[in-house]
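Worksheet: the structure to be examined is printed underneath.
The values are calculated or read from the model by the stated rules, or taken from the named source; none is laboratory data. Remember, predicted model here, so these are calculated numbers, not experimental data. We place every Cβ from the backbone using ideal geometry, glycine too, and count neighbours over all the protein chains shown. These area figures cover heavy atoms from the full protein model, side chains too; ligands, DNA and RNA do not enter into them. Shrake-Rupley method; radii C 1.70, N 1.55, O 1.52, S 1.80 Å.
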Amino acid sequence: MFKDQSMKKHIPNTITCCNLISGCIAVTYALFGNLPLALAWIVMGAIFDFFDGMTARLLHVSSPIGKELDSLADDVTFGVAPSAIVYYELTVMDYPAFLEPLRPVLPYAAFIMAAFSALRLAKFNLDERQTTSFIGLPTPANALFWGALMVGGSQWVEASPYHVVGVIVMLLISCYLLVSEIPMFALKFKQWGWKGNEVKYLFVASSALLIILLGVKGIAVVIAWYVFLSALVGRRGHGTADNE
């Protein structure tokens, strides 16, 4: 199909760069307080992230450079961008009196998540245990959780000054989940039958229902449900998912 092989090998990396650019746009919107558009560009980045790996496999042009570029793009889109969303929210939330002196510096704690996302991606690149499942929370899932929570659940987040503490605690929990050894299933189907895919079909059906009923904030509930269901199911074997 492609006579020029040199052009062919650049297609997946071009898609990966589109992911990175989407992440940069998401960061910009987040820092200016337009959190819905920031979330929209994270979703756009996730779409590019899905197709770059698929394209590389279809064209048989996977490369070490592509793997490193993918991790860089993912940390921007799924690490820095959600951190920027949380940073902005922490600048506008009400604080309890005992935390008010920390208002100028506490929002920067959000970027701890970007560091842990980078660490998770680095570990993922070296981990040979994950062909059919993940170990630890995938960065796109974490990013979608925070984006959806701050956009769809902003009324709850801002309902009480003490919710600042809750956000910080949840931030630390998500950082732990990113680098944890908790096995989490991947939505990869080797065959479409019910047997062996029960958990995946249950998750897809329940997730669709939650999003229909709850809207954007349903995405955050879906990610929480994903973590809980993964922990409930437990370890069923590992392999390496080629792309987060």
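Which ones in the range 122-145 are assigned to a helix (DSSP H, G or I) and more than 11 Å from the chain's Cα centre (by Cα)? So that I can check it myself, show each step before the final result.
As a first pass, look at the range 122-145 and keep what is assigned to a helix (DSSP H, G or I): 122-126, 139-145.
Selection gives ALA122, LYS123, PHE124, ASN125, LEU126.
Of the conditions (1) part of a helix (DSSP H, G or I); (2) more than 23 Å from ILE42 (Cα to Cα), ALA148 satisfies every one except a single condition; which number is it?
Every condition holds for ALA148 apart from (2).
Could you grab me the full set of residues in the range 162-197 that are part of a loop (DSSP other than H, G, I, E, B), surrounded by 15 or more Cβ atoms within 10 Å (Cβ to Cβ), touching a residue at least 40 places away in the same chain (Cβ under 8 Å) and not small (Gly, Ala, Ser)?
Hit for the range 162-197 is ILE182, nothing else.
Given the options TYR201, TYR226, name the one that is open to solvent by less than 30 Å² (accessible area, probe 1.4 Å) and either part of a helix (DSSP H, G or I) or modelled with pLDDT of 95 or more (or both).
Result: TYR226 is the single residue among TYR201, TYR226 that is open to solvent by less than 30 Å² (accessible area, probe 1.4 Å) and either part of a helix (DSSP H, G or I) or modelled with pLDDT of 95 or more (or both).
Residues of the range 204-223 being open to solvent by less than 50 Å² (accessible area, probe 1.4 Å) and not in a helix (DSSP H, G or I), which ones?
GLY215
Taking the condition hydrophobic (A, V, I, L, M, F, W, C) and either open to solvent by 50 Å² or more (accessible area, probe 1.4 Å) or farther than 25 Å from PRO96 by Cα (or both), does VAL157 pass?
Details: hydrophobic (A, V, I, L, M, F, W, C): yes; either open to solvent by 50 Å² or more (accessible area, probe 1.4 Å) or farther than 25 Å from PRO96 by Cα (or both): no.
It is false that VAL157 is hydrophobic (A, V, I, L, M, F, W, C) and either open to solvent by 50 Å² or more (accessible area, probe 1.4 Å) or farther than 25 Å from PRO96 by Cα (or both).
Quick one: in the range 60-74, which of the residues that are over 21 Å from the mean Cα position of the chain (by Cα) and part of a helix (DSSP H, G or I) is nearest to CYS18 (Cα to Cα)? Steps first, please.
Looking only at the range 60-74, we keep the residues that are over 21 Å from the mean Cα position of the chain (by Cα), and these are 60-65.
Filter once more, keeping what is part of a helix (DSSP H, G or I): 64-65.
Numbers: PRO64: 18, ILE65: 16 Å.
Among those that are over 21 Å from the mean Cα position of the chain (by Cα) and part of a helix (DSSP H, G or I), it is ILE65.
Given the conditions (1) touching a helix residue (DSSP H, G or I) at 6+ places or on another chain (Cβ under 7 Å); (2) open to solvent by less than 90 Å² (accessible area, probe 1.4 Å); (3) under 28 Å from ILE219 (Cα atoms), report the number of the one that LYS67 does not fulfil.
All conditions are met except number (2).
Which condition breaks for TYR95 when tested against (1) at pLDDT 95 or above; (2) over 19 Å from VAL27 (Cα atoms); (3) part of a helix (DSSP H, G or I)?
In the conditions (1) at pLDDT 95 or above; (2) over 19 Å from VAL27 (Cα atoms); (3) part of a helix (DSSP H, G or I), TYR95 misses (3) alone.
Here's the yes/no breakdown for (1) buried (at least 17 other Cβ atoms within 10 Å of the Cβ); (2) of a type in the set (Asp, Glu); (3) over 16 Å from the mean Cα position of the chain (by Cα); (4) assigned to a loop (DSSP other than H, G, I, E, B):
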| residue | (1), (2), (3), (4) |
| --- | --- |
| LEU20 | yes, no, no, no |
| GLY23 | yes, no, no, no |
| ALA26 | yes, no, no, no |
| GLY33 | no, no, yes, yes |
| LEU58 | no, no, yes, no |
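Scan ALA118, ALA109 and give me the residue that is at pLDDT 95 or above and under 23 Å from MET184 (Cβ atoms).
On the way: ALA109 fails: under 23 Å from MET184 (Cβ atoms).
Going through ALA118, ALA109 in turn, just one is at pLDDT 95 or above and under 23 Å from MET184 (Cβ atoms): ALA118.
Residues in the range 38-55: is at least one more than 20 Å from LEU121 (Cβ to Cβ), open to solvent by 30 Å² or more (accessible area, probe 1.4 Å) and in contact with a helix residue (DSSP H, G or I) (Cβ under 6 Å, 6 or more places away or on another chain)?
No, the range 38-55 has no match at all.
If the Cβ limit is 6 Å and pairs must be 6+ apart or interchain, which residue in the range 103-119 that is without any contact (Cβ under 8 Å) to a residue 60 or more places away in the chain pairs with which residue that is hydroxyl-bearing (Ser, Thr, Tyr)?
Correct list of pairs: ARG103/TYR95; PRO107/TYR87; PRO107/THR91; PHE111/SER83; ALA114/SER83.
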